[in-house]
Structure formats: C-alpha cells, structure tokens
Amino acid sequence: MLTDVRYSAGVSAMTKIVAQLLNVLMHEHNFRFNYTIASRWIGKPEKNSTLAVTNSLLWREQDISCTCARIFPKWLDWVDILY
C-alpha cells in the first residue's frame, strides 16, 4: 500500500514517494526495517512527550524515517535533517 504507484485512501503522495525511495535504498544496501507508526511528524524534544518521528529519531529509538515534513527554522536547533 505504501509503495503502490496509484492512489491509496488515507496515504499522502509525499509518504508514498519517500516509501518508494526507502525501498530502493533497502535493496541497494541490503538492509531490512520494521515499520513504526507515529501519528505526528514533529514533536517536542523532551523525553516522554508524545511520540513523533522527530523525537523518536532524537531519542535514538529509530534509525531512519520514511516520511517527509515541513521543517521550520526553530526546529533546526534540535533536529538535524541530514544526519
């Protein structure tokens, strides 16, 4: 569903594009992954706050994300989008 090229109800086109890119990386570099569903992309950096993709990466609870998000300048103080 995430990597289908056609429309899927409830899945944004941005999510589908990065899921397809992640699959290419997976096959080229021979790794596997498990999905974790987070209801938010951006969250507060404090420990034990609501799970979001950015704070899960910050806390090292996951290594890579399959999402895209708008990044605002104030978040760049604690989120390294290229690391």
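Nothing in this text is a laboratory measurement; each read-out follows from the coordinates by a stated rule. What you see is a predicted model; the values in this text were computed from it and never measured. We place every Cβ from the backbone using ideal geometry, glycine too, and count neighbours over all the protein chains shown.
For Rg/Rh (Cα atoms, Kirkwood Rh), one of [x] 1.02; [y] 1.10; [z] 0.97 was computed from the structure I shared and the rest are decoys. Which label? Correct label, based on the coordinates given: [z]. Dipole of segment 13-77 computed with +1 at Lys/Arg Cβ and -1 at Asp/Glu Cβ about the Cα centre; of Met26, Ile64, Val53, farthest Cα towards the positive end is Val53.
Which loop-located GluC sites (Glu not before Pro) does segment 1-79 contain, where loop means any DSSP state but H, G, I, E or B and the Cβ has at most 11 other Cβ atoms within 10 Å?
Working: sites: Glu28, Glu46, Glu61; in loops: Glu46, Glu61.
Listed in order of number, the matching sites are Glu46, Glu61.
Which of the peptides 13-20, 29-36, 50-57 is most tightly packed, and how do the rest follow, going by the mean number of other Cβ atoms within 10 Å of each residue? All intermediate terms of the calculation are to be shown ahead of the outcome.
Values: 13-20: 14.0, 29-36: 8.2, 50-57: 17.8.
The peptides rank, most packed first, as 50-57, 13-20, 29-36.
The angle between the Cα long axis of helix 13-29 and the main principal axis of the chain comes to about 80°, on a 0 to 90 degree scale.
Under 18 Å from a label point 7 Å along Cα→Cβ of Trp75: give me every residue in segment 4-25 with its amide N that close. Within reach of a label on Trp75, which here means backbone N under 18 Å from a point 7 Å along Cα→Cβ, segment 4-25 contributes 12-19.
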